[in-house]
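All remarks here apply to the structure that follows.
The values are calculated or read from the model by the stated rules, or taken from the named source; none is laboratory data. Because the structure is predicted, anything quoted here is derived from the model rather than measured. Glycine gets a Cβ as well: all are built from the backbone with ideal geometry, and neighbour counts include every protein chain shown. For the accessible areas, the whole protein counts, side chains as well, though only heavy atoms, and no ligand, DNA or RNA atoms are used. Shrake-Rupley method; radii C 1.70, N 1.55, O 1.52, S 1.80 Å.
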Amino acid sequence: MSEWFESRKGMRDEVWDTIVQGLIDPDHPAKTPTFATVSPHGWPEARTVVIRGADPEAGTVSVYTDIYSDKVRSLKANPRAALVIWDHRKSLQVRLSLQVTVRSGASVRDLWEKVPDHSQLSYGVAPVPGHPIEERLAYQKRPDPDAFAVLDCEVLTIDAVYLGRDHQRAIYSRSDDWVGQWLSP
């Protein structure tokens, strides 16, 4: 029986299994990947996010955020992002290149209704995220459905690196129907 990292298909399937595990297991490394954007001024920005949805067949992932966050401002200037997962359990690094659409308002109201009350507090901070404050706790959290946004991320490429005994790397592209190509690690 072969290992998942010995074939391009096995590696691609393992990437999506890893992402989906992050949706199920709150302790899984894929639950909180790094999400990178480029600021309107051209500076790289990276932060931890929570993956809220994934569809391997469609090649998409989704993330929730506050509409007033810096990442939304950056995505409006340049709707591209990267998502990085390091799964130490599998010695697997995953980098996704993304085309991002920001949705808010009525188009995400049904998702807002499913967000637990304690989590809704993350959407609706006053003053808005990133705004200067005089003291460390000089802000208020008020759930605001109008501040809730969904980042719909279309995966354009997957760069997967297995860092086990023999390092292996493959890249997959939406444009070639995810066939994949081995790369030197």
Can you say whether Val61 is under 30 Å from Gly164 (Cβ atoms) and either open to solvent by 50 Å² or more (accessible area, probe 1.4 Å) or part of a strand (DSSP E or B) (or both), as far as the supplied structure shows? yes
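Considering only region 40-60, state which residues are in contact with a Phe, Trp or Tyr (Cβ under 8 Å, 6 or more places away or on another chain), closer than 24 Å to Leu111 by Cβ and among the aliphatic types (A, V, I, L, M).
Across region 40-60, the qualifying residues are Val49, Val50, Ala54.
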Selection over region 123-170 where residues are of a type in the set (Gly, Ala, Ser), part of a loop (DSSP other than H, G, I, E, B) and within 22 Å of the chain's Cα centre (by Cα) yields a count of 2
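Answer with yes or no whether Ala36 is open to solvent by 50 Å² or more (accessible area, probe 1.4 Å), part of a strand (DSSP E or B), at pLDDT 95 or above and not polar (S, T, N, Q).
Values: open to solvent by 50 Å² or more (accessible area, probe 1.4 Å): no; part of a strand (DSSP E or B): yes; at pLDDT 95 or above: yes; not polar (S, T, N, Q): yes.
No; evaluated as a whole, the condition is false for this residue.
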Taking interchain pairs and intrachain pairs at least six residues apart, which have beta carbon atoms under 8 angstrom, with the first residue in region 108-124 and touching a residue at least 40 places away in the same chain (Cβ under 8 Å) and within 21 Å of Gln140 (Cα to Cα) and the second buried (at least 17 other Cβ atoms within 10 Å of the Cβ) and of a type in the set (D, E, K, R)? Ser122/Asp66; Tyr123/Asp66; Tyr123/Asp144; Gly124/Asp66; Gly124/Asp144
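Considering only region 145-185, state which residues are charged (D, E, K, R) and open to solvent by 60 Å² or more (accessible area, probe 1.4 Å).
Within region 145-185, Asp146, Glu154, Arg165, Asp166, Arg174, Asp176, Asp177 meet the criteria.
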From the list Arg52, Arg47, pick out the single residue that is in contact with a helix residue (DSSP H, G or I) (Cβ under 8 Å, 6 or more places away or on another chain) and surrounded by fewer than 16 Cβ atoms within 10 Å (Cβ to Cβ). Arg47
